[in-house]
Amino acid sequence: MSTFNPEFPKIVTHEQWLAERKELLIQEKEFTKQRDELNSKRRRLPMVKIEKEYTFEGPDDKLNLSDLFEGRRQLIIYHFMFHPDWDEGCPSCSFLVDNIGHLSHLHARNTTLALVSRAPLEKLEAYKTRLDWNLPWYSSHESDFNYDFHASINQKKGSSEYNYTEKPELVKSLNGKTAEVPGTSVFLRDGETIFHTYSSYARGGDLLLGTYNWLDLTALGRQEAWEKPKGRSDGPFMSWVRRHDQYD
């Protein structure tokens, strides 16, 4: 637990607090309407037919992309950062997975959620057991899936962009090696035909982090350096995040 002493909000009367709270409520309601409209625009995006075959390794067998749907209409893939050479998964990706609720609620909406990483299956299974997760996790080690959906960056593999922007400096710094980056990709199935409908990266995953959403309701917030007002941070963005079995 941090011993940092942040600056507190100013102290006012209840009447003064209530007046400012009501002003903020107006903005919160407007934001909710804007978010609803944004979600509507996301649903109106066109989609792209998946023509390429991808192979994944699961606990029981090798699978294709269609198998990952588990018979449901929609599939959400979280691109979990786990390089084949690593012994542990990414801490911030682990933080996100810890924030995933019971999958039965997604299943009730005909939607499957799964993790995909490039690390070999035995590493994924060991890490999954360590952190006591029970959601499906597949290895894409033998396919181009991560590269094609820009969750692994390697120019030789045709992947040199992140968050829909070319990253020449990052590519140059890699010296031919591969960088793992986080993201989410969404697919829709119509019979045997699969379509790619959406992908998001970087802070596009912010909405998926329930812990952050709870902290955003508090006076001290996330306590990260980018936030305002200043004086309530004890470190940079996500510097405090640990795997859940590594906190003090």
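List of remarks:
- Sole residue being touching a Phe, Trp or Tyr at 6+ places or on another chain (Cβ under 8 Å) and modelled with pLDDT of 95 or more, chosen from 26, 77: 77
- When the stretch 153-176 is limited to residues that are part of a strand (DSSP E or B) and without any contact (Cβ under 8 Å) to a residue 40 or more places away in the chain, the one that is surrounded by the fewest Cβ atoms within 10 Å (Cβ to Cβ) turns out to be 165.
- Qualifying residue in the stretch 53-69 (condition: in a loop (DSSP other than H, G, I, E, B), among the polar types (S, T, N, Q) and over 17 Å from the mean Cα position of the chain (by Cα)): no
- The one condition in (1) closer than 30 Å to residue 233 by Cα; (2) in a helix (DSSP H, G or I) that residue 4 fails to fulfil: (2)
- Test set (1) free of Cβ contacts under 8 Å to residues at least 60 places away in the same chain; (2) surrounded by 10 or more Cβ atoms within 10 Å (Cβ to Cβ); (3) among the charged types (D, E, K, R) - residue 41 fails condition number: (2)
- Being touching a Ser or Thr at 6+ places or on another chain (Cβ under 9 Å), of a type in the set (A, V, I, L, M) and not in a strand (DSSP E or B) is a condition met by no residue of the stretch 183-203.
- Flag for residue 72 being of a type in the set (Lys, Arg), closer than 20 Å to residue 199 by Cα and not assigned by TED's automatic domain parsing to the domain that holds residue 213: yes
- Qualifying residue in the stretch 117-131 (condition: touching a helix residue (DSSP H, G or I) at 6+ places or on another chain (Cβ under 8 Å), within 24 Å of residue 244 (Cα to Cα), in the same structural domain as residue 89 (by TED's automatic domain parsing) and surrounded by fewer than 16 Cβ atoms within 10 Å (Cβ to Cβ)): yes
- From 46, 84, residue being part of a loop (DSSP other than H, G, I, E, B), out of contact with any Ser or Thr (no Cβ under 7 Å at 6 or more places or on another chain) and under 26 Å from residue 178 (Cβ atoms): 84
- Qualifying residue in the stretch 133-143 (condition: part of a strand (DSSP E or B), among the small types (Gly, Ala, Ser), touching a residue at least 12 places away in the same chain (Cβ under 8 Å) and under 21 Å from residue 243 (Cβ atoms)): yes
- Looking across the stretch 236-248, the residues that are of a type outside the set (S, T, N, Q) and at pLDDT 90 or above come down to 236, 237, 238, 240, 241, 242, 243, 244, 245, 247.
- Apart from one condition, residue 225 fits all of (1) touching a Ser or Thr at 6+ places or on another chain (Cβ under 6 Å); (2) without any contact (Cβ under 8 Å) to a residue 12 or more places away in the chain; the exception is (2).
- The stretch 94-148, subset touching a Gly at 6+ places or on another chain (Cβ under 7 Å), modelled with pLDDT of 95 or more and aromatic (Phe, Trp, Tyr), residue nearest to residue 181 (Cα to Cα): 138
- Of all residue pairs spaced 6 or more apart or on separate chains, those with beta-carbon atoms under 9 Å, a first member in the stretch 6-18 that is under 11 Å from residue 230 (Cα atoms) and a second member that is among the basic types (Lys, Arg) are 6/232; 7/230; 7/232; 8/232.
- Selected residue [at pLDDT below 95, exposed (fewer than 12 other Cβ atoms within 10 Å of the Cβ) and not assigned by TED's automatic domain parsing to the domain that holds residue 117] from 225, 219: 219
The values are calculated or read from the model by the stated rules, or taken from the named source; none is laboratory data. Everything numeric in this text was worked out from a predicted model, so none of it was measured. Neighbour counts are summed over all protein chains in view; Cβ atoms, including those assigned to glycine, are modelled from backbone coordinates with ideal geometry.
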